[in-house]
């Protein structure tokens, strides 16, 4: 059998352009157009703080290297980059300690008394004085400094008598920091003309307090700073939340430097710092034994059972821990928990004998273990797995909790605690700003002449007018992004053969009587909306172990629709339903049993209505139309991404199996307001989407086939991109989109919009203190951190339809923020829309209005969505593709294990050989996607 091999992802778009003999496009933004003009203005408070530079400072860049010899043969490089939180923070603390000491002791070289030194905590140093000015030109511009660790405050460094600090000049020319240079070199529409160094310098200058004061906070990637002792920095007790399993949430901030138009609008460029509040769960620094006790809620000193081990291992695997019993601090990575304890586990000695772990520690270290019957900890040491007593190992500090280390309950709790109401978020922002010393009195900022505005920027937003929604018998207005449902504008064709099953265990709470009532209520609800559905061919309670076989029989019996009610505890069947759905082109709709029970016993009418709304979409109907004629000749395409979680491969049975990027897409090719789609698998690790050519071709073919004509314009909404990727998308991805369009007609115009919610901007109502919410019943998730009055998120947040397209937008590009949705929890996260291509030179107001209208087309609930429906649906197709891929590989791996698994015999293993990654992904795409399943391709099956 061929060994699995993952080839490093190459830029597929560049390769494809080369095959077509097409040069990459210039990295130039379309010119900004005038802001939209709508009737209602609204005052908006932001989390943007203006920066003014009133000095001209020349800054020289240097590379820093810090090393030390641990032994004759082993060297440690403190400035080496790391991935794990502990490694990153530990190296940063040591580097900051060493460089701060060097600044003081070697002040003659660093010219500390008159110099402004900006350090990134690793290998980059900026200086306002040329440190090598006195060195002859012929001499190498390098300075080596020897530091004795005994002079340092960091305990781990005091055992190192010789630490080598080396400073040498970089090849980059000096940067002149001034208001004039910032204006000229940071916001050019030609992206290659902008200098990222200005942002880097400002970002570092504004976080020097966090970098140098390591006992106060910990710094992570992308401007994140969390406070170790928040009560000393002005936060309140309610800002610190214990989430169980030895985990505690700490407050922090995320900072980014942005260049915005500012209060004087178009044609201006102003630097600003955008600050958002953040909370994240950290593992407590505690004995491993104490952490285990918090996880299983019992004392582990007498050992734990197998199921308790299985509960603990996901929480602690991968964590760094340390011991001090050998006379020095030694750090190890946790791999798991051994089934044996120190009194029974034995290991071979170097002299050929063997002894128990308990006896070894007593003889070797003179340590009498207090709890020899506690399970041993498995840790990785020098590439091998060794066993250690839990009572001697401590969880290292400053390690964030990963998704895999959380239970579903903890994940919900941390999400809830992070989603604080606007007034609380504003307090956290201002408190964090003060704690991080982001103000004009900051010494570094003062030396650079950087003044920070103490109050956040106020901006004028606009409120887009409400839309009208058309149903079969009436029209209604979407007031504040809400409306009531009526009869479907186009009911679906009822299935000729359909079935309904309730899936659970022998003792589940869903009785035959309740099940029968739900079947009747579902049929009556469908009929009242215009779906003339008949009696199901089969309706019964099914045991969980029999459900797959029941679905297979239904599929082979020409059943076209199956409604499944699954017990809430069943989580493993949904993806299998979808595999069978694709196999037989049989729609399978799944519903939680608790919701169905509430429909019958509590009369939850809206729940049933939402279910029927989904059913009509899945069966090919249309629930309503937004009264918008602008979409009639426009092909609208959404493109969403699903990135692999964790590592970029599954590892099982000693083989490596690729876990690709899944690209979902959806379009209105069928009719102007019906969005259906599919997905493709692409190599992971690329900035651009190489499959965009295929996606646009497929959507144009669908449009031409269903409408018997070609569109005048193609409007693409694309997610999954950072600001730094815009240049690559313009140069490599968009030209491939144009290639696909050109095969149909050179007259079709392209508009390409990147949509992002992964930014730091937040927008608030003005004067939150004066909002009357006394009648509301829900409170903030951090209610003590808020005031005593109860508050509702939808009342506290900016309403649907709020638009900002000047002042807070980037000076060099066509851009707008649109808050299209009602925020039901926490603080609104307003999507940012950046136009990367515009062949139509469209008015900004036209794009804004179309985008807002598309946010009304979700069809299932009477609420606008935060993203345009084509992009929302595309993201769901990307998730579906990820789930199908995961299920397919799970079945394949079980097949390899020779386990008797349902339908394994139909799975042919796909071997990934060297150099065949792309062709393999194309093969798996054909196997899992819907392009050959016409009964599913033309329906919105992921509703």
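The values are calculated or read from the model by the stated rules, or taken from the named source; none is laboratory data. What you see is a predicted model; the values in this text were computed from it and never measured. Glycine also receives a Cβ, built like all others from the backbone with ideal geometry; neighbour counts cover every protein chain displayed.
Values for this structure:
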read-out	value
Residue 571 being surrounded by fewer than 22 Cβ atoms within 10 Å (Cβ to Cβ), at pLDDT below 95 and not assigned by TED's automatic domain parsing to the domain that holds residue 718	yes
Residue in the stretch 891-914 that is modelled with pLDDT of 60 or more and surrounded by 15 or more Cβ atoms within 10 Å (Cβ to Cβ) present	no
Candidate set from the stretch 807-832 (those that are closer than 30 Å to residue 412 by Cβ and touching a helix residue (DSSP H, G or I) at 6+ places or on another chain (Cβ under 7 Å)); member that is surrounded by the fewest Cβ atoms within 10 Å (Cβ to Cβ)	824
Looking only at the stretch 473-491, and only at residues there that are at pLDDT below 95 and out of contact with any strand residue (DSSP E or B) (no Cβ under 8 Å at 6 or more places or on another chain), the one that is farthest from residue 431 (Cα to Cα)	473
Tally, over the stretch 511-533, of residues that are in contact with a helix residue (DSSP H, G or I) (Cβ under 9 Å, 6 or more places away or on another chain), within 28 Å of residue 567 (Cβ to Cβ) and assigned to a loop (DSSP other than H, G, I, E, B)	2
Sole residue being within 24 Å of residue 531 (Cα to Cα), buried (at least 19 other Cβ atoms within 10 Å of the Cβ) and within 31 Å of the chain's Cα centre (by Cα), chosen from 599, 611	611
Residue in the stretch 499-510 that is without any contact (Cβ under 8 Å) to a residue 24 or more places away in the chain, assigned by TED's automatic domain parsing to the domain that holds residue 568 and part of a loop (DSSP other than H, G, I, E, B) present	yes
Selection within the stretch 573-606 - under 22 Å from residue 508 (Cα atoms) and assigned to a loop (DSSP other than H, G, I, E, B)	573, 603, 604
Tally of residues being part of a loop (DSSP other than H, G, I, E, B) and within 24 Å of the chain's Cα centre (by Cα) across the stretch 229-259	2
Qualifying positions in the stretch 860-869 - crowded, with 24+ Cβ neighbours inside 10 Å and either under 20 Å from the mean Cα position of the chain (by Cα) or not assigned by TED's automatic domain parsing to the domain that holds residue 831 (or both)	867, 868, 869
Verdict on residue 397 being part of a loop (DSSP other than H, G, I, E, B) and surrounded by fewer than 21 Cβ atoms within 10 Å (Cβ to Cβ)	yes
Residue satisfying condition, being closer than 17 Å to residue 91 by Cα, over 27 Å from the mean Cα position of the chain (by Cα), in contact (Cβ under 8 Å) with a residue 12 or more places away in the chain and assigned to a helix (DSSP H, G or I), within set 156, 192	156
Subset of the stretch 118-143 [in a loop (DSSP other than H, G, I, E, B), at pLDDT 80 or above, more than 41 Å from the chain's Cα centre (by Cα) and farther than 19 Å from residue 173 by Cβ]	134
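Yes/no matrix, rows are residues, columns are (1) assigned by TED's automatic domain parsing to the domain that holds residue 145; (2) modelled with pLDDT of 95 or more:
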site: 44; (1), (2): no, yes
site: 62; (1), (2): yes, yes
site: 65; (1), (2): yes, yes
site: 87; (1), (2): yes, no
site: 95; (1), (2): yes, yes
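Residues are listed down the side, and each one gets a yes or a no for (1) outside any strand (DSSP E or B); (2) in contact (Cβ under 8 Å) with a residue 12 or more places away in the chain; (3) closer than 30 Å to residue 446 by Cβ; (4) in contact with a helix residue (DSSP H, G or I) (Cβ under 8 Å, 6 or more places away or on another chain):
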site	(1), (2), (3), (4)
31	yes, yes, no, no
35	yes, yes, no, yes
42	no, yes, no, no
51	no, yes, yes, yes
59	no, yes, yes, yes
65	no, yes, yes, no
73	yes, no, no, no
82	yes, no, no, yes
